[in-house]
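Engineer: Starting off with a structure, shown below.
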Amino acid sequence: MESPHKNIISQVKTIFSPLGVITTRSQFGGYSVAADKIMFGLILDGELYLRGTRQSEPVFLAQAMSKLIYTKRGIPVSLNYYHVDERLWSAGETLLALARHSLDEARHHLSVKAACPRLKDLPNIGQAIERLLWKAGIQDVAALRNHGAKSSYLKLRAIKQDLSIKVLFALEGALSGRHLAALSQGQRSELLAWFERLSCR
């Protein structure tokens, strides 16, 4: 661990200790900052950033905190992380209150995500299949369950005709909560027979 990071990590663990057990780990080329395993900050290039959301942005902007900017393919992109400057380091109570707000937002985000998981949170469903499902009118996990693997596959195929049987296996696995390679032989055989009948039409 480099000296600048070591010093700021020590500061972070001291000032944010009222929030819980503060831990750091290597992430994004810097270090994540978490309280009781919930990430609410980021240390990058020797600077601290507090995690925010679109809803909490006014809270951080009111403190004149600038957003973290990084360059992606030559284009500057702003992230919902807000810089802690020397003024805030000197205002311990204010900094702690901002960190607590950031932590509360992170907890809320996790609870919402757990209650309403996105399609891509299911096994086998990456962003490409998720976007395709959205185009087919299947917006969430509940809709996918209502349609089932076969009906969902037909909707996808109406948009993209060259879909392989692997996508059908992926949908069935997603609904079963397992990787497509872990489907039973019975499931695979039944789906394969259905796919072959579909292909002969």
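The values are calculated or read from the model by the stated rules, or taken from the named source; none is laboratory data. This is a predicted model, so every value here is computed, not measured. We place every Cβ from the backbone using ideal geometry, glycine too, and count neighbours over all the protein chains shown.
Engineer: Could you tell me whether the stretch 79-86 includes any residue that is assigned to a helix (DSSP H, G or I) and within 17 Å of Leu19 (Cα to Cα)? Walk me through it before giving the result.
Structural biologist: Initial filter on the stretch 79-86 (assigned to a helix (DSSP H, G or I)): 86.
Checking which are within 17 Å of Leu19 (Cα to Cα) leaves us with none.
No - not one qualifying residue is present in the stretch 79-86.
Engineer: OK, next. When the residues of the stretch 93-119 are narrowed to those that are at pLDDT below 90 and assigned to a helix (DSSP H, G or I), which ends up farthest from Gln11 (Cα to Cα)?
Structural biologist: Narrowing the stretch 93-119 to residues at pLDDT below 90: 108-118.
Applying the additional criterion that residues be assigned to a helix (DSSP H, G or I) yields 108-115.
On the way: His108: 26, His109: 26, Leu110: 26, Ser111: 29, Val112: 31, Lys113: 31, Ala114: 32, Ala115: 35 Å.
Once the filter is applied, the top-ranked residue is Ala115.
Engineer: Would you be able to say whether some residue in the stretch 31-52 is aliphatic (A, V, I, L, M), in a helix (DSSP H, G or I) and assigned by TED's automatic domain parsing to the domain that holds Ile9?
Structural biologist: Step one: of the stretch 31-52, the residues aliphatic (A, V, I, L, M) are 33-35, 38-39, 42-44, 48, 50.
Restricting the remaining residues to those that are in a helix (DSSP H, G or I) gives none.
For the stretch 31-52, residues aliphatic (A, V, I, L, M), in a helix (DSSP H, G or I) and assigned by TED's automatic domain parsing to the domain that holds Ile9: absent.
Engineer: Just checking, which of Ala128, Ala181 is part of a helix (DSSP H, G or I), loosely packed, with under 13 Cβ neighbours inside 10 Å and modelled with pLDDT under 90? Steps first, please.
Structural biologist: Working: Ala128 fails: modelled with pLDDT under 90.
Within the list Ala128, Ala181, the selection yields Ala181.
Engineer: Taking Gln161 as meeting all but one of (1) out of contact with any Lys or Arg (no Cβ under 9 Å at 6 or more places or on another chain); (2) part of a helix (DSSP H, G or I); (3) among the polar types (S, T, N, Q), write down the number of the exception.
Structural biologist: Status for Gln161: all satisfied but (2).
Engineer: Restricting the stretch 1-19 to residues that are assigned to a loop (DSSP other than H, G, I, E, B) and modelled with pLDDT under 95, which is farthest from the chain's Cα centre (by Cα)?
Structural biologist: Residues of the stretch 1-19 that are assigned to a loop (DSSP other than H, G, I, E, B), as a first pass: 1-2, 16.
In the following step, the residues that additionally are modelled with pLDDT under 95 were identified as 1-2.
Details: Met1: 27, Glu2: 28 Å.
Checking each candidate, the answer is Glu2.
Engineer: Residues of the stretch 80-107 being loosely packed, with under 15 Cβ neighbours inside 10 Å and either in contact with a helix residue (DSSP H, G or I) (Cβ under 8 Å, 6 or more places away or on another chain) or without any contact (Cβ under 8 Å) to a residue 60 or more places away in the chain (or both), which ones?
Structural biologist: Within the stretch 80-107, Asp85, Glu86, Arg87, Trp89, Ser90, Ala91, Gly92, Glu93, Thr94, Ala97, Asp104 qualify.
Engineer: Next up: Give all pairs with beta carbons closer than 8 Å in which a residue from the stretch 182-201 that is not assigned by TED's automatic domain parsing to the domain that holds Leu171 meets a residue that is at pLDDT 90 or above and among the polar types (S, T, N, Q); count only pairs at least 6 apart in sequence or on separate chains.
Structural biologist: Close Cβ pairs satisfying both conditions: none exist.
Engineer: Quick one: count up the residues across the stretch 83-98 that are among the aliphatic types (A, V, I, L, M) and closer than 16 Å to Arg54 by Cα. Working first, answer last.
Structural biologist: Going through the stretch 83-98, the residues among the aliphatic types (A, V, I, L, M) turn out to be 84, 88, 91, 95-98.
With closer than 16 Å to Arg54 by Cα added as a condition, the list becomes 98.
Number of matching residues: 1.
Engineer: Also, I was wondering about something else. Among Lys72, Lys67, which is surrounded by 14 or more Cβ atoms within 10 Å (Cβ to Cβ), of a type in the set (Lys, Arg) and assigned by TED's automatic domain parsing to the domain that holds Leu103?
Structural biologist: Values: Lys72 fails: surrounded by 14 or more Cβ atoms within 10 Å (Cβ to Cβ).
That would be Lys67, the only listed residue that is surrounded by 14 or more Cβ atoms within 10 Å (Cβ to Cβ), of a type in the set (Lys, Arg) and assigned by TED's automatic domain parsing to the domain that holds Leu103.
Engineer: Would you mind stating whether Ala158 is modelled with pLDDT under 95, closer than 21 Å to Lys113 by Cα and surrounded by fewer than 12 Cβ atoms within 10 Å (Cβ to Cβ)? Give the steps one after another, and end with the answer.
Structural biologist: Numbers: modelled with pLDDT under 95: yes; closer than 21 Å to Lys113 by Cα: no; surrounded by fewer than 12 Cβ atoms within 10 Å (Cβ to Cβ): yes.
Taking the combined requirement at face value, the residue does not satisfy it.
Engineer: Can I ask one more? Quick one: would you say Pro18 is exposed (fewer than 12 other Cβ atoms within 10 Å of the Cβ) and in contact with a helix residue (DSSP H, G or I) (Cβ under 9 Å, 6 or more places away or on another chain)? It would help to see each step written out before you state the result.
Structural biologist: Numbers: exposed (fewer than 12 other Cβ atoms within 10 Å of the Cβ): yes; in contact with a helix residue (DSSP H, G or I) (Cβ under 9 Å, 6 or more places away or on another chain): yes.
So Pro18 fits the description; yes.
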